[in-house]
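In what follows, a single structure is set out as structure tokens and then discussed.
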Amino acid sequence: MKKLALAVALALAAGGTLAQEKTVRISGFGAKTGPVRSFGINSEAAMLAAADLINKGGGVRLADGSKARIVVDFYDDACNAEQGISVIRRIAGTDALVAIGPTCSNVAEPLFGILQKKVDDPGDTGLQFPVFTDVAIKIGLARISEWAFRNVPNEMTMYSSLFYWLRQKYPDLKTVWGGVEEDFAHSRTTWHVVMKDRATANNFQVLGESKWLLADTNFATQVREMKKANADIIAISAHPFSMCGALKEMQRQGVKPKVLVGLTSSSSLETLQGCAKQAQGMIIPTSFAPVNKEAKFAAEQTAKFKGTADLHSMAAWENMFILKQVMESERISGDKSQIQADRRKIRDGLAKLKVTKGLLGDTKRTDDREADKPYLFVQARGNEWVVLHNPL
Amino acid sequence: MLDFLQAVSDGVLFGATYALIGIGFTLVFGVMHKINMAYAAASIGAAYSGLLLLEVMAGAPPAAVFACAFLAGGLLGWVVYLACFHFIPLSHPLATLMSTVGMLLLIDEVVVHATDGMPQNYPAMFDDVMLHAGEFTLRGDLLLVFGVCVAAMACLLALLYRTRLGLATRAVSQQPIAAQLCGIQVAQVNAITFVITGLLGGLAGAMIGASVGTLSPLLSGPLTVKGLVVTVIGGLGSIPGAIVAGLLVGGFENVFQLYRGVTERDLYVMLLLFAFLVFRPGGIFAPRGGRD
């Protein structure tokens, strides 16, 4: 009987401790339904894994010196702009301090548009809520709002470096032909604004481009254009499904460029699952590869939460640790009644950052709230992406 | 001129898959006067099911995967019939239409959840064969797809016009009340029609997977639209119409892409549909109306 009373007392004490335990909420959002569901799953897994690690280490230190546990929840926006806006409004209505997301640039762009453009602008009634993007990669989006921050690679820098490296390594190569998924914000911008420009800047002659759509099934005409152009380098700015379709058609028609370049987002498991054989030799610049102890550890931890480590999900992992650091340096209260003040502190803290710690090394923060992340070039070999070159 | 011929031949060969999808829409419409919006999604779902064979039997030949997709298509067709038609009053056309839209989304999302939306490598036959006539080329795998589709259509026509089941199906299609009075089990014929169209859909899904080389849930939306376009252009309820319209849409699509680019391609296909709706609303082979 005494033992039972003791157990009850201990349980009550533990319950009391739990009830008093402070928490800070970080909400994730992205695509968890639809064809890009894997991005949302991986980001969520990386966030949960990072939160688990932080909580095991004691959690986040608050202004009064107490510790708070990080709570993560994740919302599905289905890569749909209207749903994304609805989700961010919903998150802003909870006790979440900050949100990590979204997956798609076509969601990020209008979503950043509903945030307050300039802080402290009394005439702007936009949402005052910090968003720290991990995946949506279309260039220049964070400048839409001072509440928007991103930890995505700078494609302009990466492709500049890649074409420079190709120029040095293969001086005989002269010409480039593009393959572009024309109806997807990221892939379209990356070809027309980034790849084409950076190839020309490095003295390659861009002969033209073949266009297709995300859900296209027949690439015969486009690949015939490629074949006629007979370019030394073919740069494909497309996501795995249509890229695999195009690569398979290239194989059928015997199109074998000397160098094959791919889109940042395609250095993923999806490409290997869809067309590993045809993607062999493809070179892609990426901001993540499990090349060091930290990166391998992050990948292992994420796998425990049923996620895959790639350049996108590992940005979510990094964001969690950056946010922990900001919450502590800005001395947030963790008090639910002070939620808006804490959100503002997080925004200001993120804006102050000049350098953050990333899995591949230090990431420079730019004045327009973007990241200049370390990167390397990976190549498809067998059933994996292997590091081909580290330009830094 | 060579580019034109090449575009037409590629398009027509690939159009055989559109024809199979169109047949599925048109057969259900012909028999039940209902549109099954879930048809293309079920076809793609069946093609995915074919891949399950590779899970349990690594290295299974492509033909076995196609056969598995074919059978899964029949099963899915029956499930769609039960869920969207059997228990829903057929006198409310919107109810069945919306239930099939719901089924389309459901099948798509099941596939997305099962695969995390990742594209799946799909086996193909003769994908390394390319027939050359000077600079003119024909893909071996597309020729196979075309051949399989033509054979499937021939089997379907034989079933409809040479068997008692076909006779019953045509009877229900033309005069359901008279057919019922003659002792034909209308509900049973409807269910069998769904299984048959499902089998065709499974085959179409597998052929699409084989010709693209990759499967993605992204496919079902555009294929639904293409299937409906083919059905309308061919003439609602007309199987020969669906066949001709499938090949026609495939060819036109590729020619428009060649001359006007991919961003305008679908616009011209829709204009073609619009032209048919205005000048020949019954489609190429408008079926004669029944007495009921």
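The values are calculated or read from the model by the stated rules, or taken from the named source; none is laboratory data. None of these values were measured; they are calculated from a predicted model. Cβ: placed from backbone, ideal geometry, glycine included. Neighbour counts: every protein chain shown.
Could you check A:P122 against (1) more than 30 Å from A:T286 (Cα to Cα); (2) within 14 Å of chain B (Cβ to nearest Cβ) and say which number it fails?
(2)
Output the residues belonging to segment A:248-260 that are in a helix (DSSP H, G or I) and either closer than 24 Å to B:K226 by Cα or more than 9 Å from chain B (Cβ to nearest Cβ) (or both).
A:K248, A:E249, A:M250, listed by residue number.
For segment A:205-219, give me the residue count where each residue is more than 8 Å from chain B (Cβ to nearest Cβ) and either at pLDDT 95 or above or outside any loop (DSSP other than H, G, I, E, B) (or both).
The qualifying residues number 6.
It is to be established whether one or more residues within segment A:227-238 are within 13 Å of chain B (Cβ to nearest Cβ), without any contact (Cβ under 8 Å) to a residue 24 or more places away in the chain and surrounded by fewer than 22 Cβ atoms within 10 Å (Cβ to Cβ).
Yes, some residue in segment A:227-238 is within 13 Å of chain B (Cβ to nearest Cβ), without any contact (Cβ under 8 Å) to a residue 24 or more places away in the chain and surrounded by fewer than 22 Cβ atoms within 10 Å (Cβ to Cβ).
How many residues does segment A:150-195 hold that are closer than 22 Å to A:P240 by Cα, more than 14 Å from every other protein chain (Cβ to nearest Cβ) and either free of Cβ contacts under 8 Å to residues at least 12 places away in the same chain or among the acidic types (D, E) (or both)?
1
Can you tell me which of (1) in a loop (DSSP other than H, G, I, E, B); (2) buried (at least 20 other Cβ atoms within 10 Å of the Cβ); (3) aromatic (F, W, Y) is the one B:F126 doesn't meet?
Looking at each condition in turn, B:F126 falls short on (2).
Suppose we filter segment A:265-283 for residues that are more than 9 Å from chain B (Cβ to nearest Cβ) and touching a helix residue (DSSP H, G or I) at 6+ places or on another chain (Cβ under 6 Å); how many remain?
2
Check whether at least one residue in segment B:159-174 is within 11 Å of another protein chain (Cβ to nearest Cβ), surrounded by 24 or more Cβ atoms within 10 Å (Cβ to Cβ) and over 16 Å from the mean Cα position of the chain (by Cα), and report yes or no.
no
Pairs only if they're at least six apart or on different chains, beta carbon under 9 angstrom, first in segment A:258-271 and touching a residue at least 40 places away in the same chain (Cβ under 8 Å), second surrounded by fewer than 23 Cβ atoms within 10 Å (Cβ to Cβ) and of a type in the set (S, T, N, Q); list them, first residue then second.
Sorted first by the residue in segment A:258-271, then by its partner, the pairs are A:S268/A:T308; A:L269/A:T308.
Would you mention how many residues in segment B:239-269 are surrounded by 21 or more Cβ atoms within 10 Å (Cβ to Cβ), more than 9 Å from every other protein chain (Cβ to nearest Cβ) and without any contact (Cβ under 8 Å) to a residue 24 or more places away in the chain?
So the answer is 1.
Which residues, taken from segment B:94-133, are within 14 Å of another protein chain (Cβ to nearest Cβ), touching a residue at least 60 places away in the same chain (Cβ under 8 Å) and farther than 30 Å from A:G40 by Cα?
B:A124, B:M125, B:D127
Residues in segment B:194-219 that are assigned to a helix (DSSP H, G or I), touching a Gly at 6+ places or on another chain (Cβ under 9 Å) and buried (at least 24 other Cβ atoms within 10 Å of the Cβ): how many?
Final tally of qualifying residues: 17.
Return the pair list, or none, for Cβ contacts closer than 6 Å from residues in segment A:323-340 that are over 13 Å from A:V24 (Cα atoms) and in a loop (DSSP other than H, G, I, E, B) to residues that are at pLDDT 95 or above and not hydroxyl-bearing (S, T, Y), at least 6 apart or on different chains.
A:E330/A:K345; A:E330/A:G349
Go through segment B:1-58 and count every residue that is within 12 Å of chain A (Cβ to nearest Cβ), within 15 Å of the chain's Cα centre (by Cα) and hydroxyl-bearing (S, T, Y).
2
Can you tell me which residue among A:I54, A:I70, A:I91 is surrounded by 20 or more Cβ atoms within 10 Å (Cβ to Cβ), assigned to a helix (DSSP H, G or I), over 19 Å from the mean Cα position of the chain (by Cα) and not small (G, A, S)?
A:I91
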